[in-house]
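This report concerns only the one structure given below.
None of the figures in this text is laboratory data; all of them are computed from the coordinates on show. Predicted, not measured: the structure shown is a model, and the values here were computed from it. Cβ sites come from the backbone with ideal geometry, for glycine too, and all protein chains shown count toward neighbours.
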Amino acid sequence: MVDQVAVLGVGMHPWGKWGRNFIEYGVKAAEDALKDAGIAWTDVQYLAGGETIRNGYPGFVPGASFAQALGWTGARVSSSYGACASGTQAIEAARTRILAGLCDVALVVGADTTPKGFLAPNKGERGDDPDWLRFRVLGATNTTYFGLYARRRMALGATSEDFAEIKVKNARHGLTNPYARFRKEVKVEDVLSSAMVADPLRLLDICATSDGGAALVLCSMEFARKHTANPVTIAAISTVTPSYPSTIIEMPNFSTDSAAAVPAPVVPFRDSIARAAYEEAGIDPSDVNIAEVYDLSTALELDWYENIGLCETGDAVKLLRDGATKIGGRVPVNPSGGLACFGEAVPAQAIAQVCELTWHLRGQAGERQVQGAKVGITANQGLFGHGSSVIVKR
Amino acid sequence: MKTRVPAVAGWLNIDPAHPRLIGTKCTKCGSIFFPRETVRCRNPKCGHNELADTELSPKGKLWSFTGAEYQPPAPYVPRHDPFQPFAIAAVELEAEKITILGQVVEGVKVADLKIGEEMELVLDTLLEDAETETIVWKWKPVRSAA
């Protein structure tokens, strides 16, 4: 177990397709988080920004971009990129600085403005960049990889109806979430009749890309106790890489590692992400009563059930069919509505997962409140091998 | 006659009689890499700096597959107008214990494929202009070999 830091404030800008500058979303989220924490921007000693690669230079230096927009104070800043794990990288930068005793209060901000359609690589001929080459040589989009995983999931017994049930569940969860972009009931037939995109995945199985922003105020336990008697705390952050040889194909790669000379690790990459977090927090998956996982596709949510240890390998469909992962079940997953209701705003998403868990642990999640939530876990994964998982407790 | 070039230099042997993916093999621990790794063996307990070219098995088992029903964004260049959906396969090579992606040959649909079936490497045209034909590897089910 490591020392903990407190989540003193959380804030978000609603997800949507607003088409405005990403800094605006980040500032709004930051203002809400500061207000929630009961502190002023001028109290913040460190700002950690999550990068966006689709918004020009300000996106590459979000720490400074957000600090400038909030008003220069001479605070220390950092900017982190880890693809979908960018938010966790920023959270970890802030936590580490607090735990090192270098500051008491930090602000973490991630925000994005996204283009329409498939996420594509940045422009330019880059014959040595696998993320460029996979589009040119294979025509492999992100959904290609989701489709490959979904097919494997079907080989373990899942059906298209099971995938649709994930969408139905998450749509219901997000119905009353004021920050969700899609707030509409979805029926199994809606999913099954939507257009095929990456067989077996259909349009409604796959998450959209969105604009949005999320922010956290993190602080030392000593600082937190001056503001609140019982703060939500961060018990662990996992940012692990795979272990060689990584034998499951990962976006944006052309291949897996070879296990010809060195046997594949007993714990595959995606399982190892949460495992490192549990170890750091000194808890077991059975201690978890709420989770936010990265449902880039409906099928992928089933994979995460097993990856974060909510059930044994092969039992994810049973967990879903038993209703364990819906609000009211044993361990609700994606009570926010997940990416199914949000769409992905890359550098904000991992931060938003922590905002959602914090509201539940404080009992402030309104109609979607998960009763008795004490321990929550987030999980996601950034391209090229950025593991990302956060455990929060109260 | 057009000049034939591989889609990525050094990645494949484009001899029509001997189509092969070319990887590299660590001369110390025997780890195999595709795409080719030339600087340092990525086995963290090895880290040897000498890697030699090695041709990979032309056949393997279908690990998973999916389809591209919509035209991928650039830098993908469509072969047909209007766009024709294609299948993509992840094929596991037994000897090398590595899984490699590739498009499935035209005419084979997602519905025709089955996890675990044998696939073989073939060559096809990725791009073409007045002087050059760019060659890519594709996967083809062995059973449908004509």
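Translational diffusion of segment B:2-43 was estimated from the Stokes-Einstein equation, with Rh taken as the Kirkwood radius over Cα pairs; at 25 °C and 0.890 mPa s the coefficient is 213 µm²/s. Taking all Cα pairs closer than 8 Å and separated by 6 or more residues, the relative contact order of segment B:58-144 comes to 30 percent.
Largest mean-square fluctuation among A:Ala94, A:Ala75, A:Ala106, in a Gaussian network model of chain A whose springs join Cα atoms under 10 Å apart, belongs to A:Ala75. Pairs with C-alpha atoms separated by more than 26 Å, drawn from the list A:Lys167/B:Lys59; A:Lys17/A:Lys169; A:Lys17/A:Lys184; B:Lys28/B:Lys97; A:Lys326/A:Lys393, are A:Lys167/B:Lys59. The GNM of chain A, with springs linking C-alpha atoms under 10 angstrom apart, assigns the highest mean-square fluctuation among A:Gln89, A:Gln353, A:Gln364 to A:Gln364.
The mean number of Cβ atoms from other chains found within 10 Å of a Cβ in peptide A:151-158 is 3, as a whole number. Could you tell me the distance between the Cα centroids of segment A:38-104 and segment A:115-171, to the nearest Å? The two parts, judged by their Cα centres, are 30 Å apart. For the segment B:90-101, counting C-beta atoms of other chains within 10 Å of every residue's C-beta and taking the mean gives 6. Remark: mean inter-chain Cβ contacts per residue of B:57-65 equal 3, using a 10 Å Cβ-Cβ cutoff to other protein chain atoms. As a ratio to 2.2 N^0.38 Å, the alpha-carbon radius of gyration computed for segment B:58-144 takes the value 1.12. Note down the Stokes-Einstein diffusion coefficient of the protein assembly as shown in µm²/s, whole number, using a Kirkwood radius over alpha carbon pairs, 20 °C, and 1.002 mPa s. Estimated via Stokes-Einstein, D reaches 89 µm²/s. Sparse packing (at most 10 other Cβ atoms within 10 Å of the Cβ) combined with a DSSP loop state is found for the following chymotrypsin sites (Phe, Trp or Tyr not before Pro) in segment A:62-168: A:Trp72. If I build a Gaussian network model for chain B, linking alpha-carbon pairs within less than 10 angstrom, which residue out of B:Asp129, B:Asp81, B:Asp15 has the largest mean-square fluctuation? Top of the fluctuation ranking is B:Asp81.
Each of A:Leu175 and A:Asp131 was given a label point 7 Å from its Cα along the Cα-to-Cβ line. The distance between the two points is 3.8 nm.
Legend: calculated FRET efficiency, A:Glu222 to A:Ser193, from the Cβ-Cβ distance at R0 = 56 Å, rounded to 0.05, equals 0.50. Between the beta carbons of B:Glu133 and A:Thr96, assuming R0 = 51 Å, the FRET efficiency works out to 0.45 to the nearest 0.05. With Cα atoms defining each centre, segment A:267-333 and segment A:178-249 are spaced 13 Å apart in the structure.
The trypsin sites (Lys or Arg not before Pro) of segment A:108-158 that meet both conditions, a loop assignment by DSSP and at most 16 other Cβ atoms within 10 Å of the site Cβ, are A:Lys116, A:Lys123, A:Arg126.
Taking the Cα-to-Cβ direction at B:Lys2 and at B:Lys109 and moving 7 Å from each Cα, how far apart do the two end points lie in nm? Reported label-point gap for B:Lys2 and B:Lys109 is 2.8 nm.
Go ahead and run the numbers for FRET between B:Thr27 and A:Asp3, Cβ-Cβ distance against an R0 of 60 Å, rounding to 0.05. That gives a FRET efficiency of 0.80. Spacing of the modelled spin labels on A:Lys318 and B:Val77, each 7 Å from Cα toward Cβ, amounts to 5.2 nm.
Binning the C-alpha pair distances of segment A:1-136 at 5 Å intervals from 0 yields a P(r) profile of 2, 10, 18, 21, 19, 12, 8, 6, 3, 1, 0 %, listed from the shortest bin outward. Which of the GluC sites (Glu not before Pro) across segment A:177-237 are loop residues per DSSP, with 10 or fewer other Cβ within 10 Å? Answer in residue order: A:Glu185.
Give the shape of segment A:319-364 as rounded, prolate or oblate, defined through the alpha-carbon gyration tensor: a ≥ b ≥ c are the square roots of its eigenvalues, a/c under 1.5 means rounded, and otherwise the shape is prolate if a/b is larger than b/c and oblate if not.
Oblate is the answer for segment A:319-364, as a/c is 1.5 or above yet b/c matches or exceeds a/b.
Relative to its Kirkwood radius, the Cα radius of gyration of segment A:262-394 gives an Rg/Rh of 0.94.
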